[in-house]
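See below for the structure under consideration.
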Amino acid sequence: MPGTRRFCPALLILPLFMTAPASGESRALGCKPAPGGDAGIEACTALIEAGKDFASAHFNRGLMYADNGDLERAIADYGAALERDPEHGDAYHNRALALIELRDYDGAAADLERAAKLKPDNASVHVDRGIVRVNQGDHDRALDDYDRALAIDPGNVEGYYARGLALAWLNRIEDARRSIERAVDLLPEDVRVDWIDSACWELGTLGRAGLALPYCDQAKAADTDAGLLDSRAFALWQLGDETAARQELQAAHQLAPGGRVFEPTRRLEEFPLVLTQGLLKGLGYDPRYIDGEPAPETTDAIRSFQQANGMAVDGEVSEDLIAALRAAQPG
């Protein structure tokens, strides 16, 4: 659903601006990361082309390429940094983040494994490895990573939030609620509504509408917007209250006039695909997006699930498919 796709704030993958230990000359020449750093990229390139091919120059240029969205070049630079310094934990970590963006979860897992050995006390490495494991459908091992991150950093909001989502998938509902609420409690008040809104959506896409709805209600009481109303409608639809879901979508449609994104009949027809995409992702199949929009990756994921479960392989969303996905879900 372009324009309304919502992402969990905790799980946004961004380049980590951790500058590698650089030589004095590298710093003096301006080869250091900065957002939108075209000048920094040029400085690093000049340094590399001059034969002063430091690991830090490649790493810092990789950070800036990643910030500009040029992930392939970023990955190449992180690799060059690792050729020059095989113990560069931040290069492994940041390359993993770029690979996650490209949905190469196996490659990301390998890099995060190495990063965790080099930086065992870095909570972010463990949170990110947990996120990769969730995308691979391994929620139990993801929990191990989140618990490790929280042992290192008991105030890690992302760790608590991601842990709550994994627990929700595993049907450990009360544990999930406590973990998410701990994350919210740790947040500054001015951003809490965004995270609560995300909990409403993310939990709904996991098929845990009963757990999602109280977060939807909290967010709606604080700050109503069209995306939130859509999230709440999705939870209500799963709980069998299509009338209330339609009312929420009508209100969303009024808040976002001029488009068809939240048109109630159309959106209700998309909800089975949204749920299918969310359940597929939870089971380790990659639908690409969770938005209710058809995509080749979603069709491929459906076909893979159908084949693995002895179903007729047609790549189509159906009540039988959703029932089979739910049956495969823990609890």
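The values are calculated or read from the model by the stated rules, or taken from the named source; none is laboratory data. Small disclaimer: the values here were computed from a predicted structure and weren't measured. Neighbour counts run over all protein chains shown; Cβ positions are idealised from the backbone, glycine included.
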>> For ALA34, only one of the following conditions fails: (1) among the aliphatic types (A, V, I, L, M); (2) without any contact (Cβ under 8 Å) to a residue 24 or more places away in the chain; (3) surrounded by 15 or more Cβ atoms within 10 Å (Cβ to Cβ). What is its number?
In response: (2)
> From the residues in the stretch 245-262 that are surrounded by fewer than 21 Cβ atoms within 10 Å (Cβ to Cβ) and among the charged types (D, E, K, R), which one is nearest to ASP223 (Cα to Cα)?
Replying inline: ARG246
> Considering the stretch 175-189 alone, what residues qualify as being farther than 16 Å from ALA209 by Cβ and over 18 Å from the mean Cα position of the chain (by Cα)?
Replying inline: ASP175, ARG178, GLU181, ARG182, ASP185, LEU186, LEU187, PRO188, GLU189
> Looking at the stretch 197-219, which of its residues are surrounded by fewer than 24 Cβ atoms within 10 Å (Cβ to Cβ) and under 9 Å from ARG232 (Cβ atoms)?
Replying inline: LEU213, ASP217
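Which residue, of GLY278, GLY240, GLY259, is touching a residue at least 60 places away in the same chain (Cβ under 8 Å), assigned to a loop (DSSP other than H, G, I, E, B), out of contact with any Asp or Glu (no Cβ under 8 Å at 6 or more places or on another chain) and of a type in the set (Gly, Ala, Ser)?
GLY259
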> Among the residues of the stretch 83-99, how many are part of a helix (DSSP H, G or I) and over 11 Å from ASP111 (Cα atoms)?
Replying inline: 2
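Tally the residues that are of a type in the set (A, V, I, L, M, F, W, C) and within 23 Å of LEU167 (Cα to Cα), restricting the search to the stretch 302-331.
7
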>> On the basis of being surrounded by 16 or more Cβ atoms within 10 Å (Cβ to Cβ) and under 17 Å from the mean Cα position of the chain (by Cα), does LEU229 make the cut?
In response: no
> For PRO330, all conditions in the list (1) within 25 Å of ILE173 (Cβ to Cβ); (2) in contact with a helix residue (DSSP H, G or I) (Cβ under 9 Å, 6 or more places away or on another chain); (3) at pLDDT 95 or above hold save one; what is the number of the exception?
Replying inline: (3)
> Which members of the stretch 42-82 meet the condition of being among the acidic types (Asp, Glu), part of a helix (DSSP H, G or I), under 29 Å from the mean Cα position of the chain (by Cα) and surrounded by fewer than 17 Cβ atoms within 10 Å (Cβ to Cβ)?
Replying inline: GLU72
